[in-house]
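K.L.:
If you scroll down you'll find the structure; I have some questions about it.
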Amino acid sequence: MPMTSPRINNFRMGSYAALAVGLINLRYQTGETGNLSKSLVLVIPGAALLLLSLTTFGKKLLSAKSAGFIALAVGAVLVAYSFLV
């Protein structure tokens with residue numbers, strides 16, 4: 001099944017959200033111990049998903065039905081994490 005535009009956009013929006021939350025966390029917790037590592041937990045998966053969604057290989061990988069379930073699960077964990085840190 002080829003990757004459709006709305007589906008790839010959903011992956012991209014999720015990755016933008018993770019990047020934004022990580023960068024906002026980095027800014028607002030300036031000076032706290034371990035802030036960079038806490039923020040990178042959000043930024044790195046977001047950047048990785050964004051890069052995957054921009055490449056041909058990544059689009060093929062993300063076209064699998066299981067990729068959507070994995071992305072949803074990881075996204076839910078990252079959202080929960082962002083509220084806890």
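The values are calculated or read from the model by the stated rules, or taken from the named source; none is laboratory data. Remember, it's a predicted structure, so these values are computed and weren't measured experimentally. Please note: Cβ atoms are built from the backbone with ideal geometry, for glycine as well, and neighbour counts cover all protein chains shown.
K.L.:
Any residue at all in region 22-32 that's under 19 Å from Val77 (Cβ atoms) and under 8 Å from the mean Cα position of the chain (by Cα)?
P.N.:
no
K.L.:
In region 25-71, how many are of a type in the set (Phe, Trp, Tyr) and farther than 24 Å from Phe11 by Cβ?
P.N.:
First, the residues of region 25-71 that are of a type in the set (Phe, Trp, Tyr): 28, 57, 69.
After this cut, where a residue has to be farther than 24 Å from Phe11 by Cβ as well, the list is 28.
Result for region 25-71: 1.
K.L.:
As an exercise: evaluate Met13 against (1) at pLDDT 90 or above; (2) out of contact with any Ser or Thr (no Cβ under 8 Å at 6 or more places or on another chain); (3) farther than 19 Å from Ser63 by Cβ and give the number of the one condition it does not meet.
P.N.:
Of the numbered conditions (1) at pLDDT 90 or above; (2) out of contact with any Ser or Thr (no Cβ under 8 Å at 6 or more places or on another chain); (3) farther than 19 Å from Ser63 by Cβ, the odd one out for Met13 is (3).
K.L.:
Taking into account only those residues within region 8-30 that are in contact (Cβ under 8 Å) with a residue 24 or more places away in the chain and farther than 13 Å from Ser82 by Cα, which is surrounded by the fewest Cβ atoms within 10 Å (Cβ to Cβ)?
P.N.:
Tyr16
Okay, residues lined up against (1) surrounded by 15 or more Cβ atoms within 10 Å (Cβ to Cβ); (2) under 14 Å from Gly22 (Cβ atoms); (3) at pLDDT 90 or above; (4) touching a Leu at 6+ places or on another chain (Cβ under 6 Å):
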residue: Glu32; (1), (2), (3), (4): no, no, no, no
residue: Leu36; (1), (2), (3), (4): no, yes, no, no
residue: Ile44; (1), (2), (3), (4): no, yes, yes, no
residue: Ala48; (1), (2), (3), (4): no, yes, yes, no
residue: Leu54; (1), (2), (3), (4): no, no, yes, no
residue: Phe57; (1), (2), (3), (4): no, no, yes, no
residue: Ala64; (1), (2), (3), (4): no, no, no, no
residue: Ile70; (1), (2), (3), (4): no, no, yes, no
residue: Val74; (1), (2), (3), (4): no, yes, yes, no
